[in-house]
Structures are given as structure tokens and as C-alpha cells.
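Visitor: What follows is a single structure, and I will ask about it in a moment.
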Amino acid sequence: MSGIQDRFNSVMKSFARKEKQPDTEVVADEPNDKESHFKRVKGSDPRAATCRGKLQHKRSKLNQDINKHLLLRQGAENLLRAAENKKVRQAVALELSFVTSNLQYLREELSDLNSSVEIYQGQDNSGTPYIPMIPFGLKETKYIDFGDAFKDFILEHYSEDAEKYIGSIQDFTDIRQAMRTPQRNQNGLALLFEYYNQLYFIERRFFPPDRSLGIHFEWYDSLTGLPSCQRTVAFEKASVLFNMAALYSQLAARQERGTQEGLDSAVDSYLRAAGIYRYILENFSNAPSRDLDADVLDVLSNLLLAQAKECLLEKLLLPQEKLDLSAQLDIGQEAAQVSETYHRLREQMAAPSVQESLPLSWQQLIHIKEVYYTALSHHHFGVGLLEHEGPLTRRVADTLQLSQRDREGQLLSVEHKVPKNTAQKEYLAKCHLHEAIVLHEEAMRLYRMARELKKREMLHHVLRLGLDLSTEQYTLLQREDDFDEPVDPPVITGSSKYQLSLQAPDFSRYQVADLFRSLGPVEVFSAHHHWSAPRAVHIERRAGEGLGFSVKMEAPVVVVGVEPAGLAERVGLKEGDYIAGIDDEDLKWASHTDVVAHIRRAGSQFTLHIITPMDKTEPTPEPPRPPALPPLSDKTWGSLSSSGVSSGVSSRKPSPASSLASQNSKGSAKRHSWNPFKKGPRSDHPELYSSNVVLR
């Protein structure tokens with residue numbers, strides 16, 4: 001009995017220790033044996049216990065559950081089509097309805113998680129409530145083991161020992177694993193940008209256009225939770241870009257909106273996020289994931305722009321001295337502009353193809369904002385007219401005339417949009433304030449009708465505060481002997497003095513090093529080009545005998561000017577061959593000057609490692625041969641210059657030719673050797689190469 005009691009006590013103590021330990025939710029799915037040894041990468045925190053991290057962890061688990069139920073539903077549907085026994089069909093149909101019901105429940109739960117916007121919001125130190133912004137959740141992805149596929153491709157395509165690149169493969173795997181759980185700060189953004197830039201090299205090194213390596217990139221839709229899988233790196237790039245924009249939206253939502261600096265940072269983040277979605281929209285197509293479709297990306301981009309305009313309006317509403325009528329009218333027009341933006345966005349979200357993908361709470365919140373900011377515009381027009389003393393200036397009169405228009409299909413209810421005396425001014429103010437109260441009450445009604453938004457106390461405080469302020473100002477105009485009931489005021493036309501411009505992603509800011517640089521320059525040694533296996537050419541020169549060839553270009557150098565029946569031709573050197581190494585030295589990155597220096601130091605016996613390009617599609621006419629190579633002496637070595645052989649071979653880098661052949665070639669015809677890898681200006685910026693990528 002005492003033994004049982006002891007075990008019970010030890011179990012209770014272990015539970016107590018667990019309760020004291022901080023919550024370390026893992027955002028990604030549980031790692032397997034291959035995933036347990038990843039090193040920590042800056043910008044990633046897979047065990048962050050923040051509210052946002054826990055929310056992302058729940059979203060990841062829901063994605064996996066949705067995937068499992070999709071597989072179960074597919075299996076049940078196949079069995080239902082194949083079954084002939086009536087009882088079996090009934091049992092399968094019952095199971096299918098159960099799985100479908102669970103799947104619908106999981107999707108609703110995911111939609112509720114996407115509606116959890118409050119934990120992303122920043123709080124003002126003064127405690128002033130703000131209308132919540134809408135951040136986007138990150139896409140989830142599964143772990144990928146690149147080891148076997150990359151090693152096989154290195155051995156087969158590059159004819160190199162794959163064991164030398166195990167460290168590079170592991171480094172890339174570590175970066176991708178870390179990218180799955182970025183920190184919610186600038187370090188997390190830098191990690192995503194660096195991984196995206198690294199994909200430029202990986203795609204060119206290991207993904208040939210004519211076949212697949214068997215590597216599948218699987219991502220979950222951030223809005224529906226449905227999995228999508230493709231073999232193209234373009235899908236991986238688009239998904240990473242989506243997460244960049246989503247992370248920007250989260251950073252914008254958490255800014256302190258009670259300060260000008262916080263609002264400026266929020267606007268900048270929103271514009272950068274919208275710019276990334278536009279970049280995806282313009283450079284990637286035929287996406288298998290719903291959240292990467294053109295219509296959804298367009299809505300998300302416009303939503304970010306609307307929230308940026310909302311932040312700019314809040315800058316005008318920051319606590320300050322009493323505003324004059326002109327400033328109040330400017331704020332009213334800005335508020336009307338924000339309302340019109342949300343109105344157009346709500347119409348765009350009402351499209352069936354978009355509506356089914358976006359959370360209902362987003363649409364409800366956007367509707368509330370549309371009504372609220374219309375009410376705010378009328379409030380500031382009414383307060384400005386009410387507090388103004390004296391006659392209207394010419395500028396104010398013009399603003400009133402241009403900013404108010406007749407309601408469609410109705411005569412203007414107010415006789416004068418520009419009041420000419422105090423009585424008209426107070427009556428116009430009364431009409432605007434009454435309209436503000438009506439609209440604030442409508443916003444409160446929409447709030448009460450929204451099930452998810454009823455939990456957002458901060459939103460309720462803002463709506464209640466707006467209603468109370470308008471009611472307080474309207475009370476000042478009420479008199480016992482006033483029998484003029486307010487009528488519908490003119491419609492306020494939106495206008496803004498701010499001009500927003502989207503910011504394209506700045507990939508050049510995050511430079512990365514090619515992890516597989518040892519394979520050679522990526523412009524030549526890539527999965528898009530083919531060449532023969534490296535062969536060793538042993539050169540043994542007798543005294544007084546010339547080498548019989550020249551070299552040109554660099555990284556790598558190209559063999560040109562092979563002398564007929566000369567030493568080079570006898571040992572197997574050909575026009576267009578690349579010199580990949582000499583003896584034990586790797587020369588794939590060497591310049592022509594370095595290669596000449598290595599050959600000069602090697603003396604009369606050395607071994608060249610040669611590769612022959614195989615991308616040539618048609619025979620090239622054989623050009624005229626240069627004169628015979630004279631004996632190579634110390635004097636000849638000293639006379640080698642950068643203008644030895646004039647050749648028509650296209651150079652990947654402008655560099656002088658280095659001649660190992662005769663200098664006495666005056667009057668000979670210029671050679672036009674074929675160059676299969678004509679290299680343009682180098683660039684480490686992958687955005688220059690992704691504009692024509694199409695997701696298949």
C-alpha cells in the first residue's frame with residue numbers, strides 16, 4: 001500500500017514541476033529522428049511561448065487534422081463507389097457523413113483562429129482603445145529531407161564526390177527548418193528573405209527543367225488549411241513570400257498606435273506586405289493553393305492598403321490642441337476616404353470565389369469599419385461647424401462645396417451646403433451629428449450581430465466611445481423651442497492628402513553566400529546545363545616543344561586555339577573545353593591569369609582536369625587554324641601578355657586573352673569558337689530571375 005502511495009506522490013510532484021515550467025509550445029509538427037539535430041538559426045524560435053506562437057501551433061495542428069480527414073474522406077468515397085453490398089454501402093455512407101461533419105467543424109475552428117486578431121494588437125501605454133487590425137496567419141509546411149536527392153544529383157550531374165557536400169546540404173536543411181518558425185520581429189523577416197535568396201542558387205543547382213528529383217514541397221493553405229503539394233521551387237518561393245507579407249502584417253498590427261512613430265512603422269509594414277502580395281500576383285500564376293490565387297491575393301493586398309490608410313487617419317486623430325474648422329473638414333474627408341476604401345473592399349470580398357475562403361469575421365469587421373468611419377466623417381463635419389465662430393473663409397467654403405454632394409436619386413435635403421449665417425451653420429451641424437449618431441448605432445448593431453466580434457472588448461469600447469461623443473455634441477444643439485427636425489445631410493466625398501505607394505520586396509538587402517559554391521560558377525555549373533564527366537589530360541612536354549593551345553575567359557577558362565597535330569590535340573584537348581583543375585588545384589573559379597600562372601609553375605609535366613560542354617545542338621563550322629606553336633622558353637613565358645590571341649569567343653567577363661600559343665599570329669583569320677555558356681552580368685539577386693516562373 002505504501003508503494004502505491006509513494007508512486008502516487010511522485011506522479012503528483014512531477015505534475016507540479018510541469019506546472020511551474022514555462023509553456024514551450026512547439027509551433028511546427030513533432031520532429032522525427034532526422035529533425036532532432038537541427039542547429040539554432042538566428043531569426044527562428046521554434047519553442048517560443050508567446051500568444052502568437054501558441055496560436056500558430058494550434059493552426060498547425062488543425063492543418064494536420066484537416067489533412068487526415070481529407071484522406072479519410074477520399075478513402076470512404078472510393079470505397080463507396082467500389083462497394084456493391086447494400087449493408088457495406090450504408091456503413092460507408094454513415095462513416096463518410098461523420099468524416100465530412102468533422103471536416104466542416106475543423107474548418108470552422110480554423111476560421112475562428114484566423115479571426116483571433118486581438119492578440120496581435122499593440123496597446124497604447126495610455127490605455128486608449130483602438131479598432132483591431134486584421135493580421136494574416138503564416139502558411140505551414142512539412143519537413144523535407146534533401147540529403148539523398150541532392151547527393152545523388154551531385155554524383156550524377158556534377159560527377160563529384162557527394163560526401164564533400166554533406167555539410168552544405170545540412171546547412172540548407174537547417175535554414176529551411178528554421179524558416180518554418182520565424183520570430184515575430186525583424187530577425188524573423190531577415191531569415192525568410194535569406195532563405196528566399198538561397199532558393200535562387202538551389203533552384204539553379206539542383207532542379208533541372210526536364211525532370212524531377214522526387215522532392216515535393218507541401219504547404220498548407222493559411223485560410224482553409226488544405227494541403228497543396230508541388231515539385232517546383234516556384235511554389236516554395238511563392239509560399240515563402242506569402243509568409244513574409246503575413247509577418248509584416250503581424251508586425252504592423254502590434255505597433256503602438258498612440259504615437260506617430262508607431263503609426264509610421266505600421267504604415268510602412270502594411271505597404272511592404274501589400275507590395276509583396278502584388279509581387280506574387282505579377283510573377284507567379286496557376287498556384288495550387290487557394291491563398292495564392294490572384295483574386296485572393298488582390299483582396300489581401302487591398303485590405304493591407306485600407307489598413308495603411310486607417311493608420312494615416314489615426315495620425316490626424318492623435319491628441320493635440322483644439323482643431324479649427326479647416327482641420328476638422330480634412331479629418332472628415334480622410335475618414336470618408338477610409339470608409340469608401342472599405343466599402344469597395346467589402347464588395348470585392350463578396351465575390352463567391354473569395355467569400356468562401358476568407359473568415360466571416362473579417363468581412364463583418366470590414367463592414368463595421370465602413371459604417372464607423374462614415375459616422376466619424378459626419379461627426380467631424382458637425383463638430384467643426386458647431387465650434388466655428390465668425391464667417392467662413394473662402395477656402396473653407398470651397399471645401400464644404402466640393403466635399404458634400406447630393407444623395408443619389410434625392411433632392412438635397414439641406415437647403416444650403418455652405419451656410420450663410422449662424423442659424424444655417426448650426427442646422428447643418430445638427431444634421432451631420434444626427435447622421436453620425438444613426439451610423440454609430442448601426443455600427444453597434446453590426447457588432448452585436450457578429451458572433452466572433454462580440455468577444456472583442458476593445459472594438460466595443462471604440463464604438464461606444466464614438467456614439468457617446470456624437471450624442472454629447474448633438475445634445476448641445478437641442479433646445480426646447482427648436483422644432484426643426486434634422487434631415488439627411490449631404491453625402492461627404494472622401495479625399496486624402498496622402499499618396500500611398502507599394503514597396504516591392506528588397507531582396508538585395510539580404511545578401512547570402514552560395515552554399516554550393518565549390519561546384520563552380522552557377523551560371524555555368526547548374527542543373528540547366530550539361531557537360532561530360534571530368535577527364536584527366538596528362539601533358540608531358542619535351543624540351544623546346546610548345547603546348548599547342550590558348551586559354552580565354554575566366555571562371556572557368558576555355559580552351560581555344562588548339563594547334564592541329566600539336567601536343568594539346570594529341571592528348572585530347574578540344575575547342576571549347578573547360579579547364580576545371582590542374583593537378584590537385586580546383587580552377588573552376590580561377591581567372592585566366594591564375595590558370596596561366598598555374599601552368600607556368602607546373603613546368604613540363606602536369607595533369608589538367610577537363611570537362612566538355614554537351615549543350616551544343618548543331619555543328620559549328622571549323623574556323624581557320626592559327627600558326628604553329630613555337631618552342632616554349634623562359635623568354636616566351638615572360639612575353640605572355642593579355643592580348644596574345646584575338647578571338648571571337650564570347651567572354652563571360654571582359655578579360656584579355658592569355659596565349660599559351662605563338663605570338664606570331666599577325667594576319668591570321670580571327671577564330672570564332674563556340675561558347676555554350678555565354679554569361680551576362682552576374683547578379684546575386686533572385687528577383688531578376690523569378691519574373692517568368694510559372695507554377696505548374
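Visitor: So N283 fits all but one of (1) at pLDDT 95 or above; (2) in contact with a Ser or Thr (Cβ under 6 Å, 6 or more places away or on another chain); what number is the exception?
Guide: Failing condition for N283: (1).
Visitor: Something else now. Go through R272, R257, R290, R344 for me and flag whichever is in contact (Cβ under 8 Å) with a residue 40 or more places away in the chain and under 14 Å from the mean Cα position of the chain (by Cα).
Guide: From the options R272, R257, R290, R344, the qualifying one is R272.
Visitor: I would also like to ask the following. Kindly establish whether Y220 is touching a helix residue (DSSP H, G or I) at 6+ places or on another chain (Cβ under 9 Å), under 19 Å from P182 (Cβ atoms) and modelled with pLDDT under 90. If you could, list the steps in order and put the result at the bottom.
Guide: Numbers: touching a helix residue (DSSP H, G or I) at 6+ places or on another chain (Cβ under 9 Å): yes; under 19 Å from P182 (Cβ atoms): yes; modelled with pLDDT under 90: yes.
Here the answer is yes, as Y220 does meet what is asked.
Visitor: For the stretch 438-452, enumerate the residues that are out of contact with any Phe, Trp or Tyr (no Cβ under 6 Å at 6 or more places or on another chain), within 22 Å of A335 (Cβ to Cβ) and part of a helix (DSSP H, G or I).
Guide: Correct list: V438, L439, H440, E441, E442, M444, R445, L446, Y447.
Visitor: Does L241 qualify as being more than 15 Å from D514 (Cβ to Cβ) and either assigned to a loop (DSSP other than H, G, I, E, B) or outside the structural domain of D65 (by TED's automatic domain parsing) (or both)?
Guide: Considered against the rule, which asks whether it is more than 15 Å from D514 (Cβ to Cβ) and either assigned to a loop (DSSP other than H, G, I, E, B) or outside the structural domain of D65 (by TED's automatic domain parsing) (or both), L241 comes out as no.
Visitor: Return the only residue of V354, V371 being over 29 Å from the mean Cα position of the chain (by Cα), outside the structural domain of E314 (by TED's automatic domain parsing), of a type in the set (A, V, I, L, M, F, W, C) and modelled with pLDDT of 85 or more.
Guide: Selected residue: V371, the only one of V354, V371 that is over 29 Å from the mean Cα position of the chain (by Cα), outside the structural domain of E314 (by TED's automatic domain parsing), of a type in the set (A, V, I, L, M, F, W, C) and modelled with pLDDT of 85 or more.
Visitor: Outside the structural domain of L365 (by TED's automatic domain parsing), at pLDDT 95 or above and closer than 28 Å to Q355 by Cβ: does that describe L292? Please lay out each step first, then the result.
Guide: On the way: outside the structural domain of L365 (by TED's automatic domain parsing): yes; at pLDDT 95 or above: no; closer than 28 Å to Q355 by Cβ: yes.
Taking the combined requirement at face value, the residue does not satisfy it.
For (1) touching a Gly at 6+ places or on another chain (Cβ under 9 Å); (2) part of a loop (DSSP other than H, G, I, E, B); (3) not assigned by TED's automatic domain parsing to the domain that holds H434, each residue gets a yes or a no:
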site	(1), (2), (3)
A504	yes, yes, yes
D514	no, yes, yes
I539	no, no, yes
A543	no, yes, yes
V559	yes, no, yes
L573	yes, yes, yes
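Visitor: Something else now. Does E314 satisfy the criteria of being over 20 Å from I437 (Cα atoms), outside the structural domain of V438 (by TED's automatic domain parsing), buried (at least 23 other Cβ atoms within 10 Å of the Cβ) and touching a residue at least 24 places away in the same chain (Cβ under 8 Å)?
Guide: no
Visitor: A follow-up question, please. Filter the stretch 78-90 down to residues that are surrounded by 15 or more Cβ atoms within 10 Å (Cβ to Cβ) and assigned to a helix (DSSP H, G or I), then give me how many there are. Quick ask: steps written out before the conclusion?
Guide: Within the stretch 78-90, the subset surrounded by 15 or more Cβ atoms within 10 Å (Cβ to Cβ) is 79-80, 83, 89.
If we keep only those that are assigned to a helix (DSSP H, G or I) as well, we get 79-80, 89.
Number of matching residues: 3.
The values are calculated or read from the model by the stated rules, or taken from the named source; none is laboratory data. The model shown is predicted, which means the values in this text are computed figures rather than measured ones. Every residue, glycine as well, gets a Cβ built from its backbone with ideal geometry; the counts of neighbours run over all protein chains shown.
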